[in-house]
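Notes for the one structure printed next.
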């Protein structure tokens, strides 16, 4: 007989936001099936549900549940906020996007919410098992989202490439986990650090191999070179609103597990992973920025820029300090705002039958649509890292953290490659402001897309002008850990 | 009793076969099968280690891996079907609309 008193509702405390989101996701499926007339409500219900979850997540204070498997601390809640913001902005964007693309709504929003649940679990994973399950829940939902436009061959191709690469990466992750489990006898991340010391495993080559395999798999997920090959194809083939979502949520969740596993599970190995990650960061920045130079499609250029920005964000992680990790967290939030903004302009410009993703389509945009061109200008400045935008502040703190930890070469690399990046970001600005318009595009500022642009602008300028608040939040999130 | 190292070597060999298959095969279905082989190598490793360490975590993990692998196979085959409908091929080298 099971003693029912043992199953207390209090035990579910740490996963209340996740359970709430699952309910919302199921409700949306039900609404879609049983009340097709109310489909117009789906994006707004998604936004409201995620806002409610956001409030719950922000109120979480260091609860550890399920025997250490779920750690809902302030570190996790910072990443959860980034992921939920990503879902909210992507849902608002989709409200506009589906009109131009003629996308069937159906399971679209519920898949988005389920992938958010996966990200939330990743952020608060205290055990490699939960980490794996969260990662797969996120990834499987996104494979479906990428392949959702069934009549578009490009989406199917992107989904296939993503699924193959993602499946390969998770198999590598699992093999790494199995090696670590074999040596330490546990999958609890905090216990691993203890056993490596007591079990005298600091020099063990098999443990290092296990750690290396896990790092390689995480690099796949956040698109760090040389594991970034899927990124440009998947970003280009996926529906634009989903591309925007993928560039923010999964990346933040990936960095959350990066930080958690390296800082909590393997802090004694900082000498090894610090060097490894600094060379990967250099390679990523080089490949991302140099390949982006030759792109003629803005969507593809933003994909390579996502690779480059993953390289920048890595700088905070590799420094191995709390300061560095808080710089990475701040950078991911700023990147979320500016990238969502840039993709929102892409969504705004697209009209039925015409995607307008190439550079040529932006010629003379300032003359036909000064508002859209000005917003794009701000987002491009922020992606380059020009003050007073948020991109500058984010890069500044990353540089400071990496310099403080003694990675001078990587810092020099960041400065050189981000000045190279100015060429392709500002080329968009040049096309918009210094060329003659080719066609007169009538833009439709629907409530959804206007809200995305407003929030993104507010985020980019807000963090750029008042950086202290966000940095402070990130720092307290780490110290409260 | 069969020593642990035998299980681990078998698992390493299976995993390596899976990796080679994934990298050399160009048929979508064969690549899926290679990933499944890699996952089963991990399962073998987990179960053997779990028995050897006398801890249940490895076996519980294996259940989760099997479940997720099934879900992944369902989605993968679904995507393969959509791809076949639009391109009439499941050969990865012929699916190359996105590049640059």
With r defined as the distance between the Cβ atoms of residue A:354 and residue B:81 and R0 fixed at 35 Å, what FRET efficiency is calculated, to the nearest 0.05?
0.75
Once you place label points 7 Å from the Cα toward the Cβ at residue B:96 and residue A:37, how far apart are they in nm?
5.3 nm
Rounded, prolate or oblate: which fits segment B:4-93 when a ≥ b ≥ c are the square roots of the eigenvalues of the alpha-carbon gyration tensor, with rounded for a/c under 1.5 and prolate only if a/b beats b/c?
oblate
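Nearest 500 deg cm²/dmol is fine: what mean residue ellipticity at 222 nm does chain A get from its DSSP H runs of n ≥ 4 alone, each adding -39,500 (n - 2.57), divided by its residue count?
Values: 19 runs with 353 residues, N = 481.
Taking each H run of at least 4 residues, the total per residue is -25000 deg cm²/dmol.
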Give me the distance between the Cα centres of segment A:10-81 and segment A:346-377, rounded to whole Å.
35 Å
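Taking a ≥ b ≥ c as the square roots of the eigenvalues of the Cα gyration tensor of segment A:254-365, is the shape rounded (a/c under 1.5), prolate (a/b larger than b/c) or oblate?
On the way: a/c = 3.62, a/b = 2.26, b/c = 1.60.
Judged from the Cα gyration tensor, segment A:254-365 comes out prolate (a/c at least 1.5, a/b above b/c).
Would you mind putting A:383-390, A:406-413, A:178-185 in packing order, based on average other-beta-carbon counts within 10 Å, highest first?
Values: A:383-390: 21.8, A:406-413: 17.8, A:178-185: 23.9.
Most protected by this proxy first, the peptides run A:178-185, A:383-390, A:406-413.
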Backbone N within segment B:70-100 under 18 Å of label point (7 Å from residue A:229 Cα along the Cβ vector):
B:91-100
Shielding by other protein chains, B:76-89, mean Cβ within 10 Å
5
Using only the Cα atoms of the protein assembly as shown, construct the convex hull and provide its projected area averaged over every direction, in square nanometres to one decimal.
26.6 nm²
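Read the figures in this text as sums done on the coordinates, not as results from a lab. Source: prediction; values computed, not measured. Note that each Cβ is placed from the backbone with ideal geometry, even for glycine, and that neighbours are counted across all protein chains shown.
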